[in-house]
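The values are calculated or read from the model by the stated rules, or taken from the named source; none is laboratory data. The structure displayed is predicted, hence computed values, not measured ones. With ideal geometry, Cβ positions are generated from the backbone for all residues, glycine too; neighbour counts draw on all protein chains shown.
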Amino acid sequence: MQKTPVVSVSGLHKTYGRKNEQQYEALKGINFTIDEGEFVGIMGASGSGKTTLLNLLSTLDTPTSGSVEVNGQDITGFKGKALSDFRSEEIGFIFQDFNLLESLTAKENIALPLSLQGVKKVEISKAVKEVATTLSIENLLSKYPTELSGGQKQRVAAARAIVHRPAIIMGDEPTGALDSKSARDLLDLMTDINKNQHVSVLLVTHDPFSASFCDRILFIQDGQIGQELKKADNNRQTFYQEILNQLGTFEQ
Amino acid sequence: MLTKLSLAGIKNRFKDYLVLLTGLIISAAVFYMFANLATNREFVKSNTQISMASQVFIFGMILLILITIVYIAYANSFLLSMRQHDYGLFMMLGAKKNRIGELVFIETLLIGVISTIVGIVLGIGMSMGLSQILFNQLGLTVHHFNALYWPAIVTTICLYVGLFLVSGLFNLAKLVRTPVLKLLHIDDEVSLPKRRPLVQLTEIVAGLLLLAIGYIAMAKIMTLQLLAVPLALVTITLGSYLLFSAVIVGAVELLKQTNFANKKLHNFTLAQIMFRVRSYTRILTIVSLLFALALGAISVGAGFQRQAPQMARSTSAYTMAINDMDKKERNLVTQLNDTHTLTYSQKIVGNTVYYNEQEFIDHPLPMLKSRQALNNGSLKTLSIAQFKKVALDDMDFTGLVPKIGQQKSEFATQRDFANLNTATTHTVTIIRLNNVLAQRKILDRLEKMQQQRFPAPAMATVGGFQTYKMFNALFSGLQFMGFFLGFAFLAMLASCLMFKILSGANKDVVRYNMLNRIGTRRALMKQAVRGEILTLFALPGVLGIVDVLFGLQMFKPLMYHPYEMTGWSILIFCILYGVYYGITTLIYERLVIPKEQMNG
């Protein structure tokens, strides 16, 4: 059965710097698709263009040329309200630095995307409770971010990312600031969300362990996609080895 | 090397330093302007008929010094927050604590000295400009006022440099004592106000009680005498602080429970206010005081300005009497707006001036209903019989004679008047107009012409204009002080609010950036900014107006209608305040709201 792609990227270029200044080409023609319900990882060393790619996919930045389609809409031409509405409705973000507002409680942070969409109070409460139960953070809801540990913060951030049922969750090194146990919990959680709630996930990382949770990994190097690895029927440990091997070949 | 590094740090945050310096400069300028009046004993003595005036100025000075101390403490904490990360980094890299302390001290003092000097220069300029405008626009005559006044300069320098010395020492001590790691992460710390309903309730009750005491003290100024001023100052300041602290927390808590909070960014705005409530409370108290002082001073100035024409209207039924009006004078009179004129013929025989009775029957000379000041110029007309009974000795009538020294005035019937055998028939024209103030320049010229033609030694002309000029001279000093201080406080208020608001921008940049990333419309973010700043503007504004309404009680012994002009001055003040709110939000939106896309 042919699945409809959630994200489809074609011929994506990004050049920094003005025309008559020194230019730097961060992305040199990227093509790939992410199917509905897929868990895709993007790996690459620092400076390979990972973050640029993520910024383009999430409309935080505009491409020099090429197109990005999310849920069948070309998002590269979005402006103003359409742009923010797209971000708040279709995308759930999980950032390395959590990006929680420290002046709001966990509950209020999670509710924010729904408040922005004008959802009623009763429904917001219900949705927040539901997502909190799924992520087992019910007892943290009334706390402020400063009262939470890194792992707890990232769970709250994950809850905020999925509470409005976005088309895709984008994670930018979400385990970057976590200890290994919290990192593993978060990745399990993301897998769980992916499998049970059928939300597509795009994970940008340079950490092979995080990457081993993905179904498919795109390796990005010097602004181009170099290699693609699929987990297929391998278990996670085998896949992890494969990733390490792949990274090893890059370094030689 | 370290000095170079720290200079580079300043360069990187030049915008923030500009905010800091501008704020301090305006504060110093305003202080100078106030000190210029307050320390000038000659000025205060010669321009107020009130013995208390110079003491009132001393209390005003104390209040302004208190405000300045809080203001500089603010500025200093802003400076410290800008610098501690840098200095922490230097220490981590191995710079000696003492050396860092020295640098901090010098930097603080330098900023203080620069802003004080520039502020004084600005203050002199503003005093000059403002006094010129006031003298020209209001026709004030003020003695002993100098824009450049040395004692005021010395006072300002002493206070500011002294305060900055203290701040510098404080910074030095703080940096040397705080552990390096804490310096590096000090920005990450947040404090949350605790919810204690009982304390809040006590605060509200105590706050209201203190405000009430202050208001009563001002109303009872006649019994309390000079004690009223310091009593009101202390109680109102404390009361405002307690009230703001309790009301803001309470209101935000209440709003958070409602549906309102869950819509749009409301929750975020409420949280912003809640997080800043402690520092907000202090600034709101100061702003409400400044608001009240500025509005109060302007109201009092306007009140005194109204008082002179009012007194003028109450002392005579007409504004001016012109004898034997000639062509030039007639020209000037036709230039006057909104006037009533009446002309009567006069014939002089010996010591007696005769009037044609018929003219007074056809066009009776109006008389004041009563001579009380509060009568405010209501008039009555009398029948000729009554007029002869009661008005013959009235100043308004006796003053009509040509100024040659006639002593008696008599009425003659039309026929008798025609038969009086005199060479010339004189005329007297009375003009009555409503707005003396606006047309005082023409009236002045008319009066000069009359004086030249009829050089009488005593009173040159009769009528309300004469009285107006007398009282205007008397009240000029008070009017001038009112307007001058009003504008000075307004400038201080503006700089205080602007400073508080801009100093929070750094943290808000991060917050709004987050909101942008999760897809908040720009319109919503703008709403959030406007909402938050509106709270900062509206709360002290409301309390400030209440303060003024009660505070004007103090002027009841001095003025007939202290409240007459309040409505107008509040309106004008609110418009200015509103414009200022608009500018502040625009600047803030530009500072903190990110573009939707990095290069879009």
* Residues satisfying the stated conditions in region B:407-428, i.e. aliphatic (A, V, I, L, M), in contact with a Phe, Trp or Tyr (Cβ under 8 Å, 6 or more places away or on another chain) and not in a strand (DSSP E or B) -> B:Leu420
* Can you name the condition, by its number, that B:His561 falls short on among (1) closer than 24 Å to B:Ile283 by Cβ; (2) away from every other protein chain (no Cβ under 12 Å)? -> (1)
* Asked: Is it the case that some residue within region B:378-392 is touching a residue at least 40 places away in the same chain (Cβ under 8 Å), surrounded by fewer than 20 Cβ atoms within 10 Å (Cβ to Cβ) and assigned by TED's automatic domain parsing to the domain that holds B:Leu420?
  -> yes
* Structure fact -> Scanning region A:143-178 residue by residue, those within 12 Å of chain B (Cβ to nearest Cβ) and in a loop (DSSP other than H, G, I, E, B) turn out to be A:Lys143, A:Tyr144, A:Val163, A:His164, A:Pro166
* Would you check if B:Lys328 is farther than 30 Å from B:His561 by Cβ, basic (Lys, Arg) and modelled with pLDDT of 80 or more? => yes
* Asked: Within region B:359-372, can one find any residue that is out of contact with any Asp or Glu (no Cβ under 8 Å at 6 or more places or on another chain), at pLDDT 80 or above and more than 28 Å from B:Asn421 (Cβ to Cβ)?
  -> yes
* Output the residue which, of all residues in region B:419-437 that are of a type in the set (A, V, I, L, M) and in contact (Cβ under 8 Å) with a residue 12 or more places away in the chain, is farthest from B:Pro364 (Cα to Cα). => B:Leu437
* Asked: Do the conditions hold for A:Leu186, that is, is it within 16 Å of the chain's Cα centre (by Cα), among the aliphatic types (A, V, I, L, M) and over 16 Å from B:Arg517 (Cβ atoms)?
  -> yes
* Structure fact -> When region B:508-551 is checked residue by residue, the ones that are within 19 Å of A:Ala82 (Cβ to Cβ), within 10 Å of chain A (Cβ to nearest Cβ) and polar (S, T, N, Q) are B:Asn516, B:Thr520
* Can you name the condition, by its number, that A:Ser125 falls short on among (1) within 12 Å of chain B (Cβ to nearest Cβ); (2) of a type in the set (Ser, Thr, Tyr); (3) not in a helix (DSSP H, G or I)? -> (3)
* Residue list for region B:264-284, restricted to those being modelled with pLDDT of 80 or more and away from chain A (no Cβ under 13 Å) -> B:Thr281, B:Leu284
* Specify which of the listed residues (B:Asn331, B:Asn323) is free of Cβ contacts under 8 Å to residues at least 40 places away in the same chain and under 21 Å from B:Phe465 (Cβ atoms). => B:Asn331
* Structure fact -> Taking region B:518-540 and the residues there that are buried (at least 21 other Cβ atoms within 10 Å of the Cβ) and not hydrophobic (A, V, I, L, M, F, W, C), the one that is farthest from the chain's Cα centre (by Cα) would be B:Gly519
* Structure fact -> Out of (1) crowded, with 20+ Cβ neighbours inside 10 Å; (2) over 16 Å from the mean Cα position of the chain (by Cα), the one B:Gly551 does not meet is (2)
* From B:Ala261, B:Ala317, B:Ala308, grab the single residue that is within 14 Å of chain A (Cβ to nearest Cβ) and among the small types (Gly, Ala, Ser). => B:Ala261
* **Any hit, region B:297-310, residues being buried (at least 20 other Cβ atoms within 10 Å of the Cβ) and modelled with pLDDT of 80 or more** => no
* **Output for region A:193-229, where each listed residue is out of contact with any Leu (no Cβ under 9 Å at 6 or more places or on another chain) and among the charged types (D, E, K, R)** => A:Lys195, A:Asp207, A:Asp215, A:Asp222
* **Output for region B:296-346, where each listed residue is touching a helix residue (DSSP H, G or I) at 6+ places or on another chain (Cβ under 9 Å), within 30 Å of B:Ala418 (Cβ to Cβ) and of a type in the set (D, E, K, R)** => B:Asp324, B:Asp326, B:Lys328, B:Glu329
* Test A:Lys120 against the criterion of being at pLDDT 80 or above, farther than 29 Å from A:Leu178 by Cα, at the interface with chain B (Cβ under 7 Å from one of its Cβ atoms) and surrounded by fewer than 20 Cβ atoms within 10 Å (Cβ to Cβ), and give yes or no. => no
* Is it fair to say A:Thr59 is in a helix (DSSP H, G or I), of a type in the set (S, T, N, Q) and within 12 Å of chain B (Cβ to nearest Cβ)? -> no
* Asked: Looking only at region A:65-91, which residues are in a loop (DSSP other than H, G, I, E, B), without any contact (Cβ under 8 Å) to a residue 12 or more places away in the chain and more than 9 Å from chain B (Cβ to nearest Cβ)?
  -> A:Gly77
* B:Gly504 versus (1) modelled with pLDDT under 80; (2) farther than 30 Å from A:Ile91 by Cβ: which is the lone unmet condition? -> (2)
* Within region A:92-109, restricting attention to residues that are facing chain B (nearest Cβ under 7 Å) and within 21 Å of A:Leu187 (Cβ to Cβ), which residue is modelled with the lowest pLDDT? -> A:Asn99
* Asked: What are the pairs, 6+ residues apart or on separate chains, where a residue within region B:3-22 that is under 16 Å from B:Leu109 (Cα atoms) has its Cβ under 9 Å from a residue that is exposed (fewer than 12 other Cβ atoms within 10 Å of the Cβ) and of a type in the set (Asp, Glu)?
  -> none
